[in-house]
Amino acid sequence: MKMRTAFLAGIALAFAPAAGVPAMAQSDYPNQPVQLTAGFPGGGTIDSINRLIVECIDFDGEVVAVPQPGAGGTIASADVAKATPDGYTLLLEPSGVLLSRPIFAKLTFSHESFEPIATVGASVTGIKVPASSRFSNWAEMETFARENPGQLLASTSGVGSLGHLALVTLAERHGIEITHVPFPNGPEAIGAAVGGHVDMFFGDNLHPELSMLVTSHTERVARLPDTPTFAELGLDGMSWVVRVMMSAPKDTPEDILRTWETKLEDVVQSSCYADGMDRLGWAPLFEGRDRLLELWPEEFERNKAIIESLGAAYYQ
């Protein structure tokens, strides 16, 4: 049966059984509410996707979307990593939280603390500027940056976000000095760009008051047919896509993981989800558990190499 449930904010992992209880496959799963934890503020993009999953899912039980913001998603991730691996506490996070931040930050978790379930969406990532911007294309922005080293200000959704890694890669590989202005989350970083406090926002999320100058996708985005990619402009190494992914604590039973994989594939393929993601400016994207078991270590190693080559000074 289909359950549409309340959205609870600011609660701890109330539905997780006591620590130390061994995880095992449950023939009566689910027999209590399943908590989908998102590590970003209520009303933000990740929280909105989490709520959309709850709205669109056809699940034999109650599913609750819980925003648990703080420290760029890492507080929620740390809590879920410690939860009992029984399928009642899952995590929805953008890929950078698990695949880049643990490389340089002293955290109690890594991607190896989780079982991947599925990718449920991908962002439109790149450089975005407000309507009042002095720049109408990348060439103008690049010229300004070269003539005024360090005066081009770029916001991102946090130190270690994929937007940040892409930004410093652009600066390092192509000899452009850009000043990074990190924020705790996407909405604040976008707000800084909309308000003219920075020259651009580098990251995901489409916003009605920001225009995309260039995307970091491998091909032009269908909804932005006139916006070039970095590759088209001759800027190599700038293929970055922010995924939003569902995962579970390490050692969650395989049958539960596969149940959620199937349910999430149905969600991603639904018109309910497609319409909601379009309103959010994200693209539905399904990648299953087997694909993520390959992808996670690959992306982690790529990000690690970039961080180590650029040096710790970039991440202060």
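Of note, residue 136 satisfies the criterion of being more than 23 Å from residue 70 (Cα to Cα), small (Gly, Ala, Ser) and either modelled with pLDDT of 95 or more or within 17 Å of the chain's Cα centre (by Cα) (or both). Evaluation of residue 70 against the conditions (1) surrounded by fewer than 20 Cβ atoms within 10 Å (Cβ to Cβ); (2) within 27 Å of residue 271 (Cβ to Cβ) shows that the sole unmet condition is (2). No other residue among 242, 181, 168 is touching an Asp or Glu at 6+ places or on another chain (Cβ under 7 Å) and more than 30 Å from residue 28 (Cβ to Cβ) apart from 242.
Across the range 236-268, which residue is nearest to residue 97 (Cα to Cα) among those that are of a type in the set (D, E, K, R) and in contact with a Pro (Cβ under 8 Å, 6 or more places away or on another chain)? Before the answer, list the steps.
Of the range 236-268, the ones of a type in the set (D, E, K, R) are 236, 243, 250-251, 254-255, 258, 261, 263, 265-266.
Of the ones still in play, those that are also in contact with a Pro (Cβ under 8 Å, 6 or more places away or on another chain) are 243, 250-251.
On the way: 243: 10, 250: 16, 251: 20 Å.
Out of the qualifying residues, it is 243.
For the range 85-109, a residue qualifies if it is within 15 Å of the chain's Cα centre (by Cα) and assigned to a loop (DSSP other than H, G, I, E, B), and exactly one does: 100.
Report the residue count in the range 244-259 for those that are surrounded by 22 or more Cβ atoms within 10 Å (Cβ to Cβ) and touching a strand residue (DSSP E or B) at 6+ places or on another chain (Cβ under 6 Å). Before you say what the answer is, go through the steps one by one.
Within the range 244-259, the first condition is being surrounded by 22 or more Cβ atoms within 10 Å (Cβ to Cβ), and the residues that meet it are 244-249, 252, 256.
After this cut, where a residue has to be touching a strand residue (DSSP E or B) at 6+ places or on another chain (Cβ under 6 Å) as well, the list is 244-248, 252.
Total meeting the criteria: 6.
Tallying residues that are at pLDDT 95 or above and over 22 Å from residue 291 (Cβ atoms) within the range 233-270 yields 0.
Looking at the range 20-61, which of the residues that are of a type in the set (Phe, Trp, Tyr) and in the same structural domain as residue 74 (by TED's automatic domain parsing) is modelled with the lowest pLDDT?
40
Name the one entry in 163, 150 that is in contact with a strand residue (DSSP E or B) (Cβ under 7 Å, 6 or more places away or on another chain), closer than 15 Å to residue 46 by Cβ and outside the structural domain of residue 265 (by TED's automatic domain parsing). Let's see the steps before the verdict.
Working: 150 fails: closer than 15 Å to residue 46 by Cβ.
Just one listed residue meets the conditions, 163.
Restricted to the range 189-221, and to residues there that are within 12 Å of residue 126 (Cα to Cα) and aliphatic (A, V, I, L, M), the residue that is nearest to the chain's Cα centre (by Cα) is 206.
Answer yes if at least one residue in the range 185-203 is surrounded by fewer than 16 Cβ atoms within 10 Å (Cβ to Cβ) and of a type in the set (A, V, I, L, M), and no otherwise. Within the range 185-203, not a single residue is surrounded by fewer than 16 Cβ atoms within 10 Å (Cβ to Cβ) and of a type in the set (A, V, I, L, M). Would you check which residues across the range 282-298 are among the basic types (Lys, Arg) and out of contact with any Leu (no Cβ under 8 Å at 6 or more places or on another chain) and list them? Answer for the range 282-298, where residues must be among the basic types (Lys, Arg) and out of contact with any Leu (no Cβ under 8 Å at 6 or more places or on another chain): just 291. Considering the range 133-151, the residues that are among the acidic types (Asp, Glu) and surrounded by 12 or more Cβ atoms within 10 Å (Cβ to Cβ) include one that is nearest to residue 170 (Cα to Cα), namely 142.
Residue 73 meets all of the listed conditions (1) on the phi > 0 side of the Ramachandran plot; (2) modelled with pLDDT of 95 or more; (3) not acidic (Asp, Glu) but one, namely (2).
In the set (1) assigned by TED's automatic domain parsing to the domain that holds residue 292; (2) farther than 30 Å from residue 276 by Cα; (3) not small (Gly, Ala, Ser), residue 134 fails one condition alone, (1). Within the range 139-167, which residues are closer than 23 Å to residue 217 by Cβ and within 15 Å of the chain's Cα centre (by Cα)? Passing the criteria: 156, 157, 158, 160, 161, 162, 163, 164, 165, 166. Which one is modelled with the highest pLDDT, of the residues in the range 271-289 that are more than 13 Å from residue 245 (Cα to Cα) and acidic (Asp, Glu)? By that ranking, first place goes to 275.
The values are calculated or read from the model by the stated rules, or taken from the named source; none is laboratory data. Please read all numbers here as calculations on a predicted model, not as lab measurements. For neighbour counting, all protein chains shown are included, and Cβ atoms are generated from backbone atoms with ideal geometry for every residue, glycine included.
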